[in-house]
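Novice: Here it is, the structure, as structure tokens.
The values are calculated or read from the model by the stated rules, or taken from the named source; none is laboratory data. A quick note: this is a predicted structure, and the numbers were derived from the prediction, not measured. Note: ideal-geometry Cβ built from the backbone for every residue, glycine included; neighbour counts use all protein chains shown.
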Amino acid sequence: MKTIIEPFRIKTVEPIRMTTREQRLALIKAANYNLFALKSEDVIIDLLTDSGTSAMSTQQWSALMRGDESYAGSPSFYNFEQAVKELMPFKHVIPTHQGRAAEAIVVSIFGGENKIVPNNTHFDTTRANFESAGVIALDLVIEEGKDPACDHPFKGNMDLEKLDQLLREKGDEIPLVMTTVTNNAGGGQPVSMANIRATKELCEKYGKPFFIDSCRFAENAYFIKIREEGFGDKSVSDIVREMFSYADGMTMSAKKDAFANMGGWLALNNDEWAEQARTRLIMTEGFPTYGGLSGRDLECVAAGLKEIVDEDYLHYRIRSIQYITEKLDAIGVPVMKPGGGHAVFVDARKMLPHIPALQYPAQALAVELYITGGIRGVEIGSFMFGRQPDGSEVPAAMELVRLAMPRRVYTQSQADYLIECFEEIYRKAGEIKGMEVTWEPGSLRHFTSRLKPLDIAE
Ligand SMILES: *Cc1c(COP(=O)(O)O)cnc(C)c1O
């Protein structure tokens, strides 16, 4: 059969409130052209993030009821711990309320002024956590990973030569090496097993711990299965176990590849770090058998981890991203190729070449997509990354609009509607205006800044 169908049936539905173009023009203006400021009920198709937006299964909803809310030693914690260790055999599993809380604990152990932490590409919260502790967060993704049009099977790979050079020259300043799977800020692109293994070997050579930012571990493992020589016959679970066998620690957002609406964890092998982490956890999150979570959340994560490695699901998941990517490409919309694991990325620098980087072409495109079809995506470009810690502004490596697909939520006809909206935008791309920021906060400006299109007077 040619068509790959959604491998699930819908039991409960959430109605979508439809809006007109005129209504959306007023709504986006009232939101100061920042898509984060829109009310979600004013959005028709919400592709802002795949984080915490998954549809839970019947298994997960029933697991919720089994949640045990004991302060210490809840059976829900042990179910959670066992489900994590089944895939990621770390000695210590420490629950947190979401991924960034796990990152903050890692920073409390390894951070410090002028230290350097390399990653393929730091995600925005990871970067912000490190930078707030004075750490230089360095991105060392391979060159192919910076070119949206370059077709390479593992564009999330770490540049091993650059990493080797950095470890050789600045080893004393490096407390930790990280890699992000899949590489979210770099287009949801996977990292190969060979690259993970080689990164671990370099870390061993220089005596550095190696951590994996693991949010989309199952999508990454599926790419390894279908793209990397020698993995075609292995199960996704076995591939996941091999990936983590090379790591000394992991941070995780269960809001991604655990099908949960909330949750995360930090896992470690080293006893001393685990003790430091748990001490910190008690201060900031909660007792070590619940972290920042309810027992019922822990149960949902445990059930979700069993479902996320299902290969029929992953086949459908990866294929649905490819479907949109291929259709947009066929229209002429410049998209990141090949399709990533959780999102479609549109190259706004190429689509709107008349808008300079510091007039935020990807933000302008994301706003236009909302006005045209009520679809909410997110800018990943100079608006998100341009402001430097010293206050200056520098164009980002890429100007992308990310359309993140919530897991098991939208159908193929909704995907076709998205493609039609792009057809319309593509025809009048030359008329889209750049934007300027009229107010911004001290850091992480993309969440709360106010903007306006450049041709509109105050
Ligand atoms: C989402 C994400 C995080 C942070 O996780 P939260 O649960 O949102 O705090 C960290 N790294 C990557 C790669 C992510 O995608």
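Novice: Give me the residue from the stretch 325-365 that is more than 24 Å from Ala397 (Cα to Cα) and among the aliphatic types (A, V, I, L, M) and, out of that set, surrounded by the fewest Cβ atoms within 10 Å (Cβ to Cβ).
Specialist: It comes out as Ala330.
Novice: Turning to a different aspect of this structure: Could you tell me whether Ala194 is surrounded by fewer than 19 Cβ atoms within 10 Å (Cβ to Cβ) and either touching an Asp or Glu at 6+ places or on another chain (Cβ under 7 Å) or touching a residue at least 24 places away in the same chain (Cβ under 8 Å) (or both)?
Specialist: It is true that Ala194 is surrounded by fewer than 19 Cβ atoms within 10 Å (Cβ to Cβ) and either touching an Asp or Glu at 6+ places or on another chain (Cβ under 7 Å) or touching a residue at least 24 places away in the same chain (Cβ under 8 Å) (or both).
Novice: While we're looking at this one, here's another question. For the condition crowded, with 24+ Cβ neighbours inside 10 Å, modelled with pLDDT of 95 or more and assigned to a loop (DSSP other than H, G, I, E, B), what is the one hit in Leu298, Leu293, Leu305?
Specialist: Leu293
Novice: Tell me the residue from Gly295, Gly332, Gly230 that is assigned by TED's automatic domain parsing to the domain that holds Glu201 and at positive phi, please.
Specialist: When all the criteria are applied, what remains is Gly230.
Novice: Just one of (1) within 25 Å of Arg197 (Cβ to Cβ); (2) at pLDDT 95 or above; (3) within 16 Å of the ligand (Cβ to nearest atom) trips up Ala104, so point out which.
Specialist: In the conditions (1) within 25 Å of Arg197 (Cβ to Cβ); (2) at pLDDT 95 or above; (3) within 16 Å of the ligand (Cβ to nearest atom), Ala104 misses (1) alone.
Novice: Output yes when any residue across the stretch 335-344 is more than 25 Å from Phe36 (Cα to Cα) and either at pLDDT 95 or above or basic (Lys, Arg) (or both), and no when none is.
Specialist: yes
Novice: Would you mind stating whether Trp265 is touching a Pro at 6+ places or on another chain (Cβ under 6 Å), among the aromatic types (Phe, Trp, Tyr) and either more than 21 Å from Ala221 (Cβ to Cβ) or assigned by TED's automatic domain parsing to the domain that holds Arg241 (or both)?
Specialist: yes
Novice: So which residues in the stretch 278-290 are among the hydroxyl-bearing types (Ser, Thr, Tyr) and crowded, with 18+ Cβ neighbours inside 10 Å, if there are any at all?
Specialist: Hits for the stretch 278-290 are Thr289, Tyr290.
Novice: Can you spot a residue in the stretch 268-278 that is under 22 Å from the mean Cα position of the chain (by Cα), assigned by TED's automatic domain parsing to the domain that holds Met65 and of a type outside the set (Gly, Ala, Ser)?
Specialist: Looking for residues that are under 22 Å from the mean Cα position of the chain (by Cα), assigned by TED's automatic domain parsing to the domain that holds Met65 and of a type outside the set (Gly, Ala, Ser), one finds at least one in the stretch 268-278, hence yes.
Novice: Residue by residue through the stretch 415-458, note down the ones that are farther than 23 Å from Ser132 by Cα, of a type outside the set (D, E, K, R) and out of contact with any helix residue (DSSP H, G or I) (no Cβ under 8 Å at 6 or more places or on another chain).
Specialist: Once the filter is applied, which keeps residues that are farther than 23 Å from Ser132 by Cα, of a type outside the set (D, E, K, R) and out of contact with any helix residue (DSSP H, G or I) (no Cβ under 8 Å at 6 or more places or on another chain), the stretch 415-458 yields Gly430, Thr438, Ile456, Ala457.
Novice: Take Met262 and tell me if it is assigned to a strand (DSSP E or B), within 13 Å of the ligand (Cβ to nearest atom), aliphatic (A, V, I, L, M) and in contact (Cβ under 8 Å) with a residue 12 or more places away in the chain.
Specialist: Here the answer is no, as Met262 does not meet what is asked.
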